[in-house]
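One structure below.
The values are calculated or read from the model by the stated rules, or taken from the named source; none is laboratory data. In this text the structure is predicted, and so the values were computed from the model without any measurement. Here the Cβ positions follow ideal geometry from the backbone for every residue, glycine too, while neighbour counts run over all protein chains shown.
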Amino acid sequence: MIRPAFIAFALAFALHAGAQDAYPTKPIRLIVPFPPAGGTDVLSRAVAQSIATSNKWTIVVENRPGAGGNIGLEAAAKSPPDGYTIAMGQTANLAVNPALYAKMPFDPLKDFAPIALVSSQPLVLVVGAQSRYKSLKDVVDAAKAKPGALNMGSAGNGTIGHIGGELFQRRAGVKFAHIPYKGAGPVVTDLMGGSVDLFFANTQSVAGQIAGGKLRAIAVASPKRLEILPDVPTIAEQGYAGFEAATWSGLVAPAATPKPVIDRLNAEVVKALNSPETRQKLRDDGSTPLGGTPQQFADFLKAEHAKWGAVVREAAIKLD
C-alpha cells in the first residue's frame, strides 16, 4: 500500500518540478506604476528587453500610474502568485508611502516576494532651458523673496522627488508650491513648457532632455558630482553640506509566488544587469546597476522601510 502512494507522490513532485523548469509558458506582465517615459518606465523596459532578448520570453509592460505608485503596486499585490505578474517597485511605493498614507492598499513587507534590486539613481534639480534660474542660489533667493511663488513638480505624492524637495525646503528655509503629477513624464513636459519652475528628478527621467538642451541641471543630490553631469555641482557644494537624496528600484512579485520561480526571475534579472549593454544604458542615465539575491533585497527593503518612515515622521511631511 505504501509503494503505490510513494509512486504517486513522486510523480506529482516530478510534474510540479517539470512545470517550474518550463516556466514561463506564456507572457509575463510587468506592471510599471508610473506613466510612460518616466525614469521607472525607461528602466523597466530596458531590463525587460534584455531578459526577453536573452531568453526569447515575452514580457508585456503595463503602465498603471497614480497615488505615488500605489495603484500599480496594489494591482500587482492582488494578482495570482504564479510568476506571470511582476512589478517594478521603488522607494516611494515600497518604503515612503506607508508613512505618508493613513491607509495603504497593500503591505510592502507582507504582500510581495522580493525578486531583485535593479538600480539606484541620485536626484538632480532641474529647471527649464529658458528658466532665469542658473544656480541653486538663484532658486533659493527667489523662493525667499516670494514664499510659495515657485512651483515644484513631482512624479507624485510620496515619491523621492517630493520627499527630497520637502527636505530641501526645510534645510534652506524656503517654501515651494508642490504640484504632484502621476509620473515624471508629464512633469518634464510642463517643465519644458514653462508651467513648472523646478523638479527634483531622478537622473533617468531627465538625462536625455539635459543632454538635448531642453532642461538645465543646477544641482545633484549625490555625495560627489556625477560622471554624466561633471559640470553640475552637488547641493552640498552649494552650501548644504551632507544633503543627499536618491531613489532605488526593484522587481517584486505577489507574496506566495513559488520560490523556484522567484529564483529563476532573480537569475535572469541579475544576468540582464550584468550584460554590458544594459549596464552601459543604465550608466548613461546616471544609474547604478545593483542586483543581488531575493533575501538581500528583502533585508534591504526592511531597512529602507524603517529609514524613510522615520524621515517622513520627523520632518512632519504631509500629503497635499
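Per the listing 222, 249, the residue uniquely hydroxyl-bearing (Ser, Thr, Tyr), assigned to a loop (DSSP other than H, G, I, E, B), in contact (Cβ under 8 Å) with a residue 24 or more places away in the chain and crowded, with 18+ Cβ neighbours inside 10 Å is 222.
When residues in segment 261-320 are screened for being outside any helix (DSSP H, G or I), in contact with a Ser or Thr (Cβ under 7 Å, 6 or more places away or on another chain) and within 24 Å of residue 245 (Cα to Cα), 6 of them pass.
Exactly one residue among 208, 242, 185, 213 is modelled with pLDDT under 95 and at positive phi, and that residue is 242. Here the condition is being touching a Pro at 6+ places or on another chain (Cβ under 9 Å) and over 30 Å from residue 293 (Cα atoms); of 156, 165, 185, 173, it holds for 185 alone. Just to be sure before I move on: is residue 153 under 23 Å from the mean Cα position of the chain (by Cα) and farther than 18 Å from residue 236 by Cα in the structure I sent? Yes: the conditions hold for residue 153.
For segment 102-122, which residues satisfy the criterion of being modelled with pLDDT under 95 and either closer than 30 Å to residue 213 by Cα or not assigned by TED's automatic domain parsing to the domain that holds residue 82 (or both)? Once the filter is applied, which keeps residues that are modelled with pLDDT under 95 and either closer than 30 Å to residue 213 by Cα or not assigned by TED's automatic domain parsing to the domain that holds residue 82 (or both), segment 102-122 yields 119, 120, 121, 122. Picking from residues in segment 252-294 that are within 25 Å of residue 311 (Cβ to Cβ) and either surrounded by fewer than 18 Cβ atoms within 10 Å (Cβ to Cβ) or more than 16 Å from the chain's Cα centre (by Cα) (or both), the one that is modelled with the lowest pLDDT is 288.
Residues checked against (1) surrounded by fewer than 22 Cβ atoms within 10 Å (Cβ to Cβ); (2) within 30 Å of residue 237 (Cβ to Cβ); (3) polar (S, T, N, Q); (4) within 14 Å of the chain's Cα centre (by Cα):
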{"position": "57", "(1), (2), (3), (4)": "yes, no, no, no"}
{"position": "62", "(1), (2), (3), (4)": "yes, no, no, no"}
{"position": "66", "(1), (2), (3), (4)": "yes, no, no, yes"}
{"position": "75", "(1), (2), (3), (4)": "yes, no, no, no"}
{"position": "78", "(1), (2), (3), (4)": "yes, no, no, no"}
{"position": "90", "(1), (2), (3), (4)": "no, yes, yes, yes"}
{"position": "109", "(1), (2), (3), (4)": "yes, no, no, no"}
{"position": "139", "(1), (2), (3), (4)": "no, yes, no, no"}
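Screening residue 202 against (1) free of Cβ contacts under 8 Å to residues at least 60 places away in the same chain; (2) surrounded by 22 or more Cβ atoms within 10 Å (Cβ to Cβ) leaves a single unmet condition, (1). Close contacts from segment 25-39, counting a first residue that is under 14 Å from residue 79 (Cβ atoms) and assigned by TED's automatic domain parsing to the domain that holds residue 264 and a second that is in a loop (DSSP other than H, G, I, E, B) and among the acidic types (Asp, Glu), with Cβ to Cβ under 9 Å and a gap of 6+ residues or different chains, come to none at all. Only one residue in 85, 91 is in contact with a Ser or Thr (Cβ under 7 Å, 6 or more places away or on another chain), under 25 Å from residue 260 (Cα atoms), of a type in the set (Ser, Thr, Tyr) and in contact (Cβ under 8 Å) with a residue 12 or more places away in the chain, so which one is that? Every option except 85 fails the conditions.
In the condition set (1) more than 21 Å from residue 180 (Cβ to Cβ); (2) crowded, with 20+ Cβ neighbours inside 10 Å; (3) not basic (Lys, Arg), residue 123 is compliant with all but (1).
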